[in-house]
Structures are given as C-alpha cells and as structure tokens.
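Remarks on the structure that follows.
The values are calculated or read from the model by the stated rules, or taken from the named source; none is laboratory data. Worth saying up front: this structure is predicted, and the values here are computed from it rather than measured. Just the protein is used for accessible areas: all its heavy atoms, side chains included, with ligands, DNA and RNA removed. Shrake-Rupley method; radii C 1.70, N 1.55, O 1.52, S 1.80 Å.
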Amino acid sequence: MKIAIVISTNDSETSWNAFRFANFCLQKGEAVKVFLIGKGVEAEQISNEKFNILEQMEKFVSSKGIIFACGTCFKIRNSSGTELCPLSTMNDLYEMVKEADRVITF
C-alpha cells in the first residue's frame, strides 16, 4: 500500500507521533511519503529532547521513506530546504496524493 502523510503543524508532540507512525508503516512494508506544509516545515527546528523529531525523520529517510517540504512555506519563514527536507512544490504534493492509496493528515 502507498501511504501519504501530510504534516501541517509545528506542535512537537504531534509531529513526532506523525513520524513515528510513518516509521511504523515502513516497518510493515508499506511505501510512505511525507509532505511538510505550512508550520510543518519547521519540523527539524522544533525537535527537542522529549520529542526527538529529528531522530524519527532520519530513521524514516534511512528506511527509504521520502520527505517533501513546501518551498513556498520555507520562503515565508525566510528559510530554505535542507538535505533532510528538500524544497518541493504543490505539484509534488499533488502527485503524492494522486498515487497514494491512503492519505493521512497531522
């Protein structure tokens, strides 16, 4: 199954749980892609000791998960993409959703 996860929050606990779920799905053999949009593009910056989002993100990518991050949302924040969160477009989100069997939002 192909699973698309859209994260639009900068709440550290919610983002952490979204990536934990994404990693769980990968362990079950599913194909998983994550799109960070809006406040979700702040995921790397909001990682903390209690909710280590960065650790979950790195585990996700090393397990063949794919992360996209809204380029416009980064620009609004005077920021840019990273190696872990490359700049992406609405077309990337469209294609991800179009190909997915299930779409989950956080």
statement: With all protein chains in place and a 1.4 Å probe, residue 68 shows an accessible area in Å² (nearest 10) of 40 Å²
message: Keeping every protein chain present and rolling a 1.4 Å probe, give me the accessible area per residue for region 44-89 in Å².
response: 63 Å²
task: Using only the Cα atoms, work out Rg/Rh for the chain, with Rh taken as the Kirkwood radius, to two decimals.
output: 0.93
- prompt: Where the Cα atoms of region 36-81 are projected onto their three principal axes, how long is each span, largest first, in whole Å?
  reply: 28, 25, 13
- request: Kindly flag which residue pairs out of 33/98; 28/64; 33/59; 64/98; 50/98; 33/75 have an alpha-carbon separation exceeding 24 Å in this structure.
  value: 50/98
query: So what J values fall out for region 50-63 if you push phi through Karplus, 6.51 cos²θ - 1.76 cosθ + 1.60 with θ = phi - 60°, rounded to Hz, Gly and Pro as x?
result: 6, 10, 7, 5, 4, 4, 5, 5, 5, 4, 4, 5, 5, 9
Built amide H within the under 5 Å cut-off of residue 35, gap 5+: 5, 6, 7, 68
field: Apportionment of accessible area to carbon and sulfur, region 25-104, percent (1.4 Å)
entry: 50 percent
